[in-house]
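Note sheet for the following structure.
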Amino acid sequence: MNNWKLILIASLLLLGCKKEDNTTKTPLNTSMYFPENSSTVWENTSPSDLGWNTTNMTDLRNYLIAKNTKSFLILVNGRIVMEEYYNGHTAASEWEWNSAGKTLLAATVGIAQQEGLLNINNKVSEYLGVNWTNESTEKEALITCRHLLAMTSGINDQSQLIIKPNLTYLADAGTRWSYSNVFQKLFDVVATASNMDFETYYNQKLKTKIGMDGFWNKGAIYTIYHSTTRSMGRFGLLVLNKGKWKNEQVLDDAYFYESINSSQSINPSYGYLTWLNGKTTYMVPGSQTVFQGYLVPNAPPDMIAALGASDQKMYVIPSRKMVVVRMGEASDPNNPTFASSGFDNELWAKINAVIN
């Protein structure tokens with residue numbers, strides 16, 4: 001082959017290499033990010049950089065607005081990918097978590113246990129005293145803190161008002177799953193074990209550790225947490241990182257693992273005051289029916305969820321390094337009370353159209 005032909009081929013190869021180098025994109029930052037506790041600054045990631053279908057984001061937004069949403073947040077690797085506020089709600093607005101706040105209580109119980117203040121396998125009466133229920137001493141003695149975390153206390157669930165006359169026997173502890181307000185006795189367990197007001201202990205051991213805002217509102221029936229949307233996102237980020245915030249293990253590995261796995265076999269889709277997807281069967285609040293399949297079929301099987309009345313939602317997806325938060329009024333005003341609803345499945349269909 002002539003020398004001039006060799007030179008021509010080499011030149012073309014070099015030009016081709018140069019063109020490829022010029023079009024190479026900067027790799028996406030996949031490291032885990034934690035926002036600073038005392039700052040409103042939060043790193044962002046573009047949906048297009050993640051390869052999402054951005055044309056479907058309009059449909060997602062329209063759906064959220066139509067379903068009475070006030071705020072919507074998606075984090076990936078801790079960074080904000082989507083943050084929306086509607087109907088006068090802002091990043092500074094606080095809103096109720098409703099039953100989604102149960103996960104905060106479960107985490108606080110775990111912290112108290114790792115500090116040696118309590119043991120979830122102990123009888124509740126060891127902390128609240130004998131006769132804290134209206135059951136016989138024998139039946140009451142069967143109820144442990146773990147039963148309250150798993151919703152298997154066996155206490156009659158006909159009334160959600162947690163006063164002693166209502167805490168009557170229905171089944172032996174551990175033999176019946178029922179979504180009931182009696183779990184709120186764990187607030188008293190932590191307060192007694194720590195020798196301080198529950199909210200004071202929670203603020204010191206969890207809230208300030210991860211930079212959350214918010215407060216507990218104690219009513220006659222419910223004790224409900226209120227915070228900004230980003231604070232729910234912060235807690236979701238803690239869950240995503242298995243109880244770790246930056247370099248501190250806020251919630252120990254062993255308890256965290258227990259909390260996000262089936263707490264009993266009656267309703268495998270329930271951990272410690274936390275909902276779990278991807279199980280073979282599930283139960284819902286207010287019913288003893290066992291349904292076949294996933295709790296939320298359209299959602300990833302590894303989803304961990306905090307679900308509250310009027311569709312307060314915190315979804316954590318470990319496989320996608322993702323946290324999703326939705327706050328607002330009930331998507332269906334005629335069905336505002338249940339923690340899990342058809343809204344979850346519809347919303348995930350819209351989310352999937354964007355992220356897949």
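Just add up the charged neighbours of Val325: K/R +1, D/E -1, any other residue whose Cβ is under 9 Å from the Cβ of Val325.
Values: positive: Arg230, Lys313, Arg326; negative: none.
That works out to +3.
For Arg234, Arg146, the sequence from fewest to most other C-beta atoms within 10 Å is Arg146, Arg234.
Can you give me the C-alpha center-to-center distance between segment 292-330 and segment 129-189, rounded to a whole angstrom? Using only Cα atoms, the two centres lie 27 Å from each other.
Only four residue types carry charge here, +1 at the Cβ of Lys and Arg and -1 at the Cβ of Asp and Glu. Report the dipole size of the chain about the Cα centre in Debye, rounded to the nearest 20. Intermediate values should be presented prior to the final figure.
On the way: 30 positive and 31 negative charges, 178 e Å.
Its charge dipole is roughly 860 debye.
For segment 188-293, the pair-distance distribution built from all alpha carbon pairs, in bins 10 Å wide starting at 0, is 13, 33, 38, 16, 1 percent.
Please give me the summed charge of the neighbours of Trp245: other residues whose Cβ is under 14 Å from its Cβ, Lys and Arg +1, Asp and Glu -1. If you can, show how the numbers build up before the last one.
On the way: positive: Lys205, Lys207, Lys209, Arg234, Lys242, Lys244, Lys246; negative: Glu36, Glu248, Asp252, Asp253.
Charge balance in the 14 Å sphere: +3.
If you add up the charges near Leu128, with Lys and Arg at +1 and Asp and Glu at -1, over every other residue whose beta carbon is less than 14 angstrom from its beta carbon, what do you get? So the environment of Leu128 carries a net charge of -1.
In this simple spin-label model, placing a label point 7 Å from the Cα along the Cα-to-Cβ direction at both Glu248 and Asp302 gives a separation of 2.7 nm.
Based on the mean of other Cβ atoms within 10 Å per residue, sort peptides 274-286, 100-112 so the most packed one is first. Please report the intermediate quantities before stating the final value.
Numbers: 274-286: 18.8, 100-112: 25.2.
So the peptides 274-286, 100-112, ranked by packing, come out 100-112, 274-286.
Averaging over all projection directions, the Cα-based convex hull of segment 262-350 occupies 5.6 nm² in the image plane.
Which value, in Å to one decimal place, does the Kirkwood hydrodynamic radius take for segment 54-355 when every pair of different Cα atoms is included?
Values: mean 1/r = 0.0513 Å⁻¹.
Result for segment 54-355 stands at 19.5 Å.
Using a cutoff of 8 angstrom between alpha carbon atoms and counting only pairs six or more residues apart, the relative contact order for the chain works out to 20 percent. You can think of it this way: the chain between Thr223 and Leu170 has 16.7 nm of extra reach, that is 0.36 nm per residue less the Cα-Cα gap.
Every number in this text was worked out from the coordinates using simple rules, so none of it is lab data. Nothing here was measured: the structure is a model prediction, and the numbers come from that model. Neighbour counts are summed over all protein chains in view; Cβ atoms, including those assigned to glycine, are modelled from backbone coordinates with ideal geometry.
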